[in-house]
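J.: Quick one: structure below, then a few questions.
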Protein chains: 2
Amino acid sequence: MFLLVLGSVLGGLLMSLWTIEADQPTRELASQLTVSNGLIGIKDLAEIPGLQAGPLTDTVVYVNGFYDYEQIHYGEAQFGFPQRNQMMIPLPAPTRFELWLDDVPVDLNQGKILAEHYQLSMQTGQFQHTLTWEERSTGHQIEIVLTRITSLKTAALLTQRIQVRALNFDGGKLRIVSGLHVRGMVQPKTFDPRLAGYDTTDILAHQKITPFSVTMRGTTFTASHSRQKLSTITHYDQPGRWLKDGNWMSTFDLTRQPVAMTKTVWHMLGKVVLDTTITSELTRPFAEIAAAQTAALTDFWQTSDIEITGDDESQRGIRFSQFGLLQALGIHGGQQGIAAKGLTGSGYGGHYFWDTEIYEAPFFYWNHPELARRLLMVRYKQLAHAEAYAKSLGLTGALFPWRTINGEESSAYFPASTAAIHIDADVAYLVIRYYQITHDDDFMQKYGAELLLATSRFYLGYGNFDPHKGFVLNTVTGPDEYTALVDNNAYTNFLVQFELRYLTQHFELSDLQRFGVTPSEWEDFRAAADQMYFEIHGNLIAQDDSFLSKRRIDLKQIPRDHFPLLMHYHPLVLYRLQVLKQADLLLAMVLLPEQFTQAQVQTNYDYYEPITTHDSSLSPAIYAIAAARLGEAAGAIKFFKHTVNTDLQNLQGNTADGLHLAAMGGSWITFAWGLMGLTVDDEHATLHPVLPQTWTRCTFKLRYRNQVYAVTVTPTQLTVTGGSTANVTIDQARRLITLTP
Amino acid sequence: MFLLVLGSVLGGLLMSLWTIEADQPTRELASQLTVSNGLIGIKDLAEIPGLQAGPLTDTVVYVNGFYDYEQIHYGEAQFGFPQRNQMMIPLPAPTRFELWLDDVPVDLNQGKILAEHYQLSMQTGQFQHTLTWEERSTGHQIEIVLTRITSLKTAALLTQRIQVRALNFDGGKLRIVSGLHVRGMVQPKTFDPRLAGYDTTDILAHQKITPFSVTMRGTTFTASHSRQKLSTITHYDQPGRWLKDGNWMSTFDLTRQPVAMTKTVWHMLGKVVLDTTITSELTRPFAEIAAAQTAALTDFWQTSDIEITGDDESQRGIRFSQFGLLQALGIHGGQQGIAAKGLTGSGYGGHYFWDTEIYEAPFFYWNHPELARRLLMVRYKQLAHAEAYAKSLGLTGALFPWRTINGEESSAYFPASTAAIHIDADVAYLVIRYYQITHDDDFMQKYGAELLLATSRFYLGYGNFDPHKGFVLNTVTGPDEYTALVDNNAYTNFLVQFELRYLTQHFELSDLQRFGVTPSEWEDFRAAADQMYFEIHGNLIAQDDSFLSKRRIDLKQIPRDHFPLLMHYHPLVLYRLQVLKQADLLLAMVLLPEQFTQAQVQTNYDYYEPITTHDSSLSPAIYAIAAARLGEAAGAIKFFKHTVNTDLQNLQGNTADGLHLAAMGGSWITFAWGLMGLTVDDEHATLHPVLPQTWTRCTFKLRYRNQVYAVTVTPTQLTVTGGSTANVTIDQARRLITLTP
């Protein structure tokens, strides 16, 4: 199954087109080799603590949605500031094993490592770590192979197999000790100072053990402040016994044939419950779990894979991005969102942001719309919190939190959070695009309409009709966080206008009367959309009312080591300048291509790109898409490569803290929206590919209105299979494909 | 000496025209009866801990400028945020006495209080507390009189006399124990949550005792984090001995003739040093210190007193305000600023704000210019900090901190602090007005020019020339804190323009070449002033570029208990509305009367006053002045009374946390600038009085260019004495006085 063609070496990283491999542990590698399935995330390169030779790498074990509260301290608090933060709880690692060979500890005091290899396969979904160890006094060599799967079929399931064999001797006694918190285990080390106050022993102190059988035990953890419970049930497939310290011990006769033990752990939020389904999952042989994982991934790639001929770097990068998105959300994962770092690190405390809707959801709604629906349901379930949040601002409707796990605002700096009210329009954008692609009327009726209405109501209250300007949304922060608390951020106003138009055009007032919509409110929705204010000078659109009046910056004058700027300049410096952390107006142009002429895109690209630092990993993808649409394939492929390599090459310098899911989503939209020129509206979807110079062929799939289309692009040919002939039109110049349902 | 004409009762407060008196302790009374002299502040109604009968009142002992650091915690810190806060340290009270009568403790277990009276005289500067206590078992009654002075002549000096006499018996033994921290003493209770983390025992732990003589001992405190030292030397004028616990004990034969003991404490920042001057001050008899205090106040009132006939409420209020200003700054006090609460409470941590320059300084520069100069020197000495602060924002020049003790920024919420860059122009305004009134060339040469230049340079860097608008100061916060981070706050721009014009008109470039001013920089100063941007619609001036586009609020729609709004609404609610915490544009009109027509003032008064909440105690005075200048004496006197009664009637509800020095300064400017129509420019000073209806006569004094003028106003007559005839012009209508140097 493995295609062990090693393509290139990226900072110690060995990669084939389907695997990520390395011989040395690094903190970045630990993030890159995380396995997760939307519910469980495991980042651990040091399963045998005694054999940790290289630099200390992070061990992080997360269950998505299992969080604790932390008090937020303010130097000077203002009314309405959030009082507590949520943070995903770093759990004790269930992946640790301690080994004794003939009563000699297998560690670096008693011997040395002869060889080591790490690998994650995107086809089998297995993480594998192989070590060869030689005992100093006897010269005995053993090979240890650790294989780990977080199941995509059964999200609650983590399985970890350890195989050991003698390489140059015959016969010995092997003892393996394992648990949730084995002796000598290095405590999970968290690198986010936000979490510095948190001590895993808090949860361990609230640990309750339930013995189920000789080989099966339950453990329930209770978070200190949220009082949320997480239960695990651990099963070992070999005989052994529980030690007094809570660990499990098995003993084996070691030969040149590998001995193997599989440890499987079931995860559930809430109290521990064991039923026959769980028992049968826990006792399933490793090989069956592995086969199911491969099958799930085969399915996944069958509908998602992008094949690029002529550019292996892009091929690997886009695949790594898609795999990362899948791992963050899972197929049958919990009903949770996608954290900014997925489950690969402690960065951002495990919070869900607007990245989900704008950057990560597109891959899912174009390839796996049932998963995009799940993302929407995460927001829908948190609507009550969003309504309470709007109320705390004295407004009706709903305001979604800038960063959250459970739906409550977790942000402590409102100029770059609460003020970023575009979050509501971002959610609405997902509702609309999801519906345009799927025509999922069940969703729209039951949930989508309410989401559109609640967020529209919020905007109507937040803004006001200015007699001179029209409908204004004052004191907001747009996507660009180097500009805050401004009036009429164009991105926000365009997205809100799009939402209000869609609401009033797609629905009749009578459809929404169950929510108490009145004719005058309905009229206000229309009027706000029609009279939405923008500051426009010819083709140039101002990022906000005051942006063009600020001092324009020359980024070349700033020393390289002063980036990212936010780490070196006070907000008052940045807010006063024409400088962008990330695409802002251009993002609106990318999201709403039907509303802008090529000339407008060109003018604004030329104006804003030179003052954009790309200090945010959310930025390059957007400029790449704009460049591609302007036909500038060279610029597009440059940004595309930057985006796909964000974590493979540690371009932000903090891959160790977790992978950048927004850049992974950004990779896909750069490919699809940018290079392939994919757009959609109420009527149809279109493709207008721009093939980068070195690409000789590229194939990919889309699911549009329940039909799967396979598209092949070569420098001279466009081919579409799937759907019926009536659905597909290709223009004379063979440059534009139109899909009509 | 006392004029014991009890004028009125204000919430339990008995007042004559020269005293504040009460029979019951309250938390507000404790603030009102604080004695201080600019260096030492003592707030203590419970000198005999065993006799505390009523509600617990705050005890606060401060030495101006003695502060400690406290770490600032941020939920999400940004680059450049201040890392530590300064706060004035609440010290152990040196004012406590414990008494035993024939070995029976004088407390509420052994007896009861028959009568009690508190009084502070604004003529003698003495606080006096009289108690009559009756012992339960014997029926013996004693009278205790405690008198306290913080010396205006010698700021380091606190003296406290205790007098006790038998009322209905002859002969007994009286034991008095006293110290810095007597047994049974209630620890100073601080009510500012900002200080909650601070424990006075931290300082006590760093206490060092130095015995100097049988009756004299030194103590040195070291602040835990700032490592600043404060030393006191305590002297008792009666025989006695030091107890092991550090307290002093004296024993007396009690008769119907009072016995008296005086405890005098010298205060000095730094290590303890005793010299002959200090010894002679410490051993000076109480009567001499009291006489010197009365003499100092006689001098003070001779040049400052305002006499109002026909309105005792106003008479008392203005006098209380002037006395409060004097107590906060002192005559020969330390070289420290005026804290927002003076030395009367823990509110605002003892920080100095812009109130000093704009609200409190005017009384001093018109009556005691040498004290105004001292205020300017406080800023000048902190110029190096201000330059470092500007540098932290990437700018040259100097930015004074929004709140500080030692010159470092102590504010943790930059939208309402660092962004309020008008602080620099406020300092410059004081430099200019001080000079116009005094022509103190020595000051201007040595210090004033540098202050003007450093702050002007900051503005030149902060703002920029916009090709369409002119010189803009974007992303600032004006005086009104319900609007933040806006562009071209009109107050800021007017004050900066005033400063830049003064700088370039009053000086030649050659005067400032020693500071490295170049011709092009000089030209930029001129250009910035000339091209300063304001958004003007006819007579209406926008508070900032976006203010008029916001939703206008109807304050009547807001429930009364939702004020102050900042305690009930998120900043994002307030920032989006046309609503003011306090005068903003109107303040510029009041400060720069020469620049606005009556019609402009009227238009803007009518526009802004209805949307001003006056949630800040800095607000009513400004509208009062504007109203008076518009000839609306009725409106002016209403606001004037509000301002003078801020603390006498606890109108802000937090007098217990300390007096509002800005309102006290506001009282004086309301009287002088408003009712008396006082203005000044480079050429002359003018007066244009508007006498409130009930006032039959009013006299006051001004010092202008080293001449003292006494002005008398009656409904029909204006009289000026002082100066020479040539200096004074009174117009035909006898409404306008012009003073020409």
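J.: Would you check if there is a residue in region B:717-734 being among the charged types (D, E, K, R), part of a loop (DSSP other than H, G, I, E, B) and surrounded by 14 or more Cβ atoms within 10 Å (Cβ to Cβ)?
T.: For region B:717-734, residues among the charged types (D, E, K, R), part of a loop (DSSP other than H, G, I, E, B) and surrounded by 14 or more Cβ atoms within 10 Å (Cβ to Cβ): absent.
J.: Might you let me know whether region B:445-462 holds any residue that is more than 30 Å from B:Thr740 (Cβ to Cβ), touching a Phe, Trp or Tyr at 6+ places or on another chain (Cβ under 8 Å) and assigned to a loop (DSSP other than H, G, I, E, B)?
T.: no
Conditions (1) closer than 22 Å to B:Pro362 by Cβ; (2) in contact with an Asp or Glu (Cβ under 8 Å, 6 or more places away or on another chain); (3) of a type outside the set (Phe, Trp, Tyr), marked per residue:
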{"position": "B:Gln600", "(1), (2), (3)": "no, no, yes"}
{"position": "B:Thr603", "(1), (2), (3)": "no, no, yes"}
{"position": "B:Ser617", "(1), (2), (3)": "yes, no, yes"}
{"position": "B:Ala621", "(1), (2), (3)": "yes, no, yes"}
{"position": "B:Ala624", "(1), (2), (3)": "yes, no, yes"}
{"position": "B:Arg629", "(1), (2), (3)": "yes, no, yes"}
{"position": "B:His642", "(1), (2), (3)": "yes, no, yes"}
{"position": "B:Asn650", "(1), (2), (3)": "no, yes, yes"}
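J.: Give me the residue from region B:487-518 that is over 22 Å from A:Pro571 (Cα atoms) and in a loop (DSSP other than H, G, I, E, B) and, out of that set, farthest from the other protein chains (Cβ to nearest Cβ).
T.: B:Glu508
J.: Now for a different question. So the check is Cβ under 9 Å with 6+ separation or different chains; which pairs have a first residue in region A:586-605 that's open to solvent by 10 Å² or more (accessible area, probe 1.4 Å) and a second one that's of a type in the set (Ser, Thr, Tyr)?
T.: Listed by first residue and then by second, the contacts come to A:Pro593/A:Thr679; A:Glu594/A:Thr679; A:Tyr605/A:Tyr623.
J.: Restricting to region A:41-56, what's the tally of residues that are assigned to a loop (DSSP other than H, G, I, E, B), of a type outside the set (A, V, I, L, M) and open to solvent by less than 10 Å² (accessible area, probe 1.4 Å)?
T.: Qualifying residue count for the region: 2.
J.: Oh, and also: Take B:Thr694 and tell me if it is on the phi < 0 side of the Ramachandran plot, touching a residue at least 40 places away in the same chain (Cβ under 8 Å), open to solvent by 10 Å² or more (accessible area, probe 1.4 Å) and not in a loop (DSSP other than H, G, I, E, B).
T.: So B:Thr694 fails the test.
J.: I need the full set of residues from region B:493-514 which are open to solvent by less than 50 Å² (accessible area, probe 1.4 Å), within 35 Å of the chain's Cα centre (by Cα) and not β-branched (Val, Ile, Thr), in order please.
T.: Result: B:Asn493, B:Phe494, B:Leu495, B:Gln497, B:Phe498, B:Glu499, B:Leu500, B:Tyr502, B:Leu503, B:Phe507, B:Leu512.
J.: Here's something else I'd like to know. Looking at the structure I just gave you, is B:Lys556 at the interface with chain A (Cβ under 10 Å from one of its Cβ atoms) and either among the basic types (Lys, Arg) or open to solvent by 30 Å² or more (accessible area, probe 1.4 Å) (or both)?
T.: no
J.: Here is a further query. Identify all residues within region A:286-326 that are part of a loop (DSSP other than H, G, I, E, B) and out of contact with any Cys (no Cβ under 8 Å at 6 or more places or on another chain); write none if there are none.
T.: Answer for region A:286-326, where residues must be part of a loop (DSSP other than H, G, I, E, B) and out of contact with any Cys (no Cβ under 8 Å at 6 or more places or on another chain): A:Asp305, A:Gly310, A:Asp311.
J.: Going through region B:465-480 one residue at a time, which ones are touching a residue at least 24 places away in the same chain (Cβ under 8 Å) and within 12 Å of chain A (Cβ to nearest Cβ)?
T.: Matches in region B:465-480: B:Phe465, B:Asp466, B:Lys469, B:Gly470, B:Phe471, B:Val472, B:Leu473, B:Thr475, B:Val476, B:Thr477.
J.: Something else now. Answer yes if at least one residue in region B:67-81 is more than 31 Å from the chain's Cα centre (by Cα) and open to solvent by less than 30 Å² (accessible area, probe 1.4 Å), and no otherwise.
T.: Yes, region B:67-81 contains at least one residue that is more than 31 Å from the chain's Cα centre (by Cα) and open to solvent by less than 30 Å² (accessible area, probe 1.4 Å).
J.: Got a sec? Which of A:Leu548, A:Leu574 is in a helix (DSSP H, G or I), within 14 Å of chain B (Cβ to nearest Cβ) and surrounded by fewer than 24 Cβ atoms within 10 Å (Cβ to Cβ)?
T.: A:Leu548
J.: Quick one: count up the residues across region A:361-403 that are over 14 Å from A:Thr438 (Cα atoms), in contact with an Asp or Glu (Cβ under 9 Å, 6 or more places away or on another chain) and without any contact (Cβ under 8 Å) to a residue 40 or more places away in the chain.
T.: 5
J.: When you scan region A:440-464, how many residues do you find that are open to solvent by 10 Å² or more (accessible area, probe 1.4 Å) and within 9 Å of chain B (Cβ to nearest Cβ)?
T.: Going through region A:440-464 one residue at a time, the tally reaches 1.
J.: While we're here: Being modelled with pLDDT of 95 or more and open to solvent by 30 Å² or more (accessible area, probe 1.4 Å) narrows it down to one of B:Ala361, B:Ala295, so name that one.
T.: Going through B:Ala361, B:Ala295 in turn, just one is modelled with pLDDT of 95 or more and open to solvent by 30 Å² or more (accessible area, probe 1.4 Å): B:Ala295.
J.: Given the residues B:Ala386, B:Ala484, which is the only one that is outside any helix (DSSP H, G or I) and either open to solvent by less than 10 Å² (accessible area, probe 1.4 Å) or of a type in the set (Lys, Arg) (or both)?
T.: B:Ala484
J.: Is it the case that region A:402-413 has a residue that's among the hydroxyl-bearing types (Ser, Thr, Tyr), under 28 Å from A:Ile89 (Cα atoms) and open to solvent by 10 Å² or more (accessible area, probe 1.4 Å)?
T.: The answer is yes, given that some residue of region A:402-413 is among the hydroxyl-bearing types (Ser, Thr, Tyr), under 28 Å from A:Ile89 (Cα atoms) and open to solvent by 10 Å² or more (accessible area, probe 1.4 Å).
J.: Exactly one of (1) away from chain A (no Cβ under 14 Å); (2) at pLDDT below 95; (3) within 21 Å of the chain's Cα centre (by Cα) is unmet by B:Ile42. Its number?
T.: (2)
Yes/no matrix, rows are residues, columns are (1) touching a residue at least 24 places away in the same chain (Cβ under 8 Å); (2) outside any loop (DSSP other than H, G, I, E, B); (3) in contact with a strand residue (DSSP E or B) (Cβ under 7 Å, 6 or more places away or on another chain):
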residue	(1), (2), (3)
A:Ala93	yes, no, yes
A:Trp100	yes, yes, yes
A:Leu108	yes, no, no
A:Ile113	yes, yes, yes
A:Tyr118	yes, yes, yes
A:Gly125	yes, no, yes
A:Thr130	no, yes, yes
A:Trp133	yes, yes, yes
A:Gly139	yes, no, no
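J.: Same structure, new question: Hey, can you tell me all the residues within region B:371-425 that are of a type in the set (A, V, I, L, M, F, W, C), in contact with a helix residue (DSSP H, G or I) (Cβ under 9 Å, 6 or more places away or on another chain) and away from chain A (no Cβ under 14 Å)?
T.: Residues satisfying the conditions are B:Leu371, B:Ala372, B:Leu375, B:Leu376, B:Met377, B:Val378, B:Leu383, B:Ala386, B:Ala398, B:Phe400, B:Ile405, B:Ala425.
J.: Just give me the residues in region A:258-289 being touching a Ser or Thr at 6+ places or on another chain (Cβ under 7 Å) and either within 22 Å of A:Gln207 (Cα to Cα) or of a type in the set (Gly, Ala, Ser) (or both), in sequence order.
T.: Result: A:Lys263, A:Thr264, A:Val265, A:Trp266, A:His267, A:Met268, A:Gly270, A:Lys271, A:Val272, A:Leu282.
J.: For region A:343-352, state whether one or more residues are over 22 Å from A:Ser121 (Cβ atoms) and at pLDDT 95 or above.
T.: Looking for residues that are over 22 Å from A:Ser121 (Cβ atoms) and at pLDDT 95 or above, one finds at least one in region A:343-352, hence yes.
J.: Let me ask something additional. Mind listing just one residue for me: the one in region A:560-570 that is within 12 Å of chain B (Cβ to nearest Cβ) and either assigned to a helix (DSSP H, G or I) or out of contact with any helix residue (DSSP H, G or I) (no Cβ under 7 Å at 6 or more places or on another chain) (or both) and, of those, farthest from A:His614 (Cα to Cα)?
T.: Going through the qualifying residues, I end up with A:Tyr569.
J.: When A:His332 is evaluated against the numbered criteria (1) in a loop (DSSP other than H, G, I, E, B); (2) modelled with pLDDT of 95 or more; (3) surrounded by fewer than 19 Cβ atoms within 10 Å (Cβ to Cβ), which criterion, by number, is the only one it fails?
T.: Every condition holds for A:His332 apart from (2).
The values are calculated or read from the model by the stated rules, or taken from the named source; none is laboratory data. Since we're looking at a predicted model, the values are computed, not measured. Using ideal geometry, Cβ is built from the backbone for each residue, glycine included, and neighbour counts are taken over all protein chains shown. Accessible surface is based on the protein model in full, side chains and every heavy atom, while ligands, DNA and RNA are left aside. Shrake-Rupley method; radii C 1.70, N 1.55, O 1.52, S 1.80 Å.
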